[in-house]
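I have placed the structure first, in the form of structure tokens, so that the comments after it can refer back to it.
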Amino acid sequence: MKNWKLITTAVLLMFFFYAPEAEAQVVARRTTTTRVVKVNRPAKRKIRRKKRRVRRRTLRRLPANTRAVVWRNMSYYPVGGMYYIARRGAYVRAFPPRGFRVRAVPALTRLMVRGAVFYYSAGVFYRNINDEYEVVAAPIGAVVSELPEDAEEMDFKGITTYELNETLYRAIEDGYEVIDLLEEDE
């Protein structure tokens, strides 16, 4: 009988000392699993980019006799049909905004889209207005023979497309066709 009392006392002591810890562990596990909540946030863009890194061309120095074209207090430097802006001691490739006008653009390609004449050079579309070339939005349906190296491959609604200057292109037999214009959500 003495042994029986000792065993019972030991079991009761173990129950009181070890049982609350076991319950606390179970409760802790339950609270962590119940705290997991999925938050459904709407996607800002329906486009899934394969490569998030944007390749940019930069120049350390501009070619001789390069003159800036100033538009809305920003200096654009035309070099070989592309434009550069000064950033941190270097010149970074930039696309001129809509409405930007220049008198001459080298290597223009003339395009006819739905009866309207457009000009294309290095990812930028132009219209001829009063003997000047004005940057305009890319016309949907326009086909260009090639894209600059800056074009980024991406998946758009299950179609392999290329993005350049907020414009989506799809590869076709004759070159690349403009299929949509992107607008950033703010």
Identify the single condition in (1) of a type in the set (Asp, Glu); (2) outside any strand (DSSP E or B); (3) in contact (Cβ under 8 Å) with a residue 60 or more places away in the chain that Glu183 does not satisfy, given that it satisfies every other one. (3)
Exactly one of Gly123, Gly99 is open to solvent by less than 70 Å² (accessible area, probe 1.4 Å), touching a Ser or Thr at 6+ places or on another chain (Cβ under 9 Å) and either without any contact (Cβ under 8 Å) to a residue 60 or more places away in the chain or among the charged types (D, E, K, R) (or both), and that residue is Gly123
Is it fair to say Val178 is more than 17 Å from Gly81 (Cβ to Cβ) and at pLDDT 90 or above? yes
Glu163 is checked against (1) surrounded by 18 or more Cβ atoms within 10 Å (Cβ to Cβ); (2) more than 20 Å from the chain's Cα centre (by Cα) and fails just one. What number does that condition carry? (2)
Test for Ala171: is it of a type in the set (Gly, Ala, Ser), at pLDDT 90 or above, in a strand (DSSP E or B) and surrounded by 13 or more Cβ atoms within 10 Å (Cβ to Cβ): yes
Exception for Ala107 within (1) part of a strand (DSSP E or B); (2) surrounded by fewer than 18 Cβ atoms within 10 Å (Cβ to Cβ); (3) touching a Ser or Thr at 6+ places or on another chain (Cβ under 7 Å) falls at (1)
Within the stretch 132-151, can one find any residue that is touching an Asp or Glu at 6+ places or on another chain (Cβ under 8 Å), open to solvent by 50 Å² or more (accessible area, probe 1.4 Å) and either assigned to a strand (DSSP E or B) or at pLDDT below 90 (or both)? yes
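The values are calculated or read from the model by the stated rules, or taken from the named source; none is laboratory data. Note that the structure is predicted; figures quoted are calculated from it, not measured. Here the Cβ is made from the backbone with ideal geometry for all residues, glycine too, and neighbour counts use every protein chain on show. The protein model used for the area step is the full one, side chains on, heavy atoms only, and it has no ligands, DNA or RNA in it. Shrake-Rupley method; radii C 1.70, N 1.55, O 1.52, S 1.80 Å.
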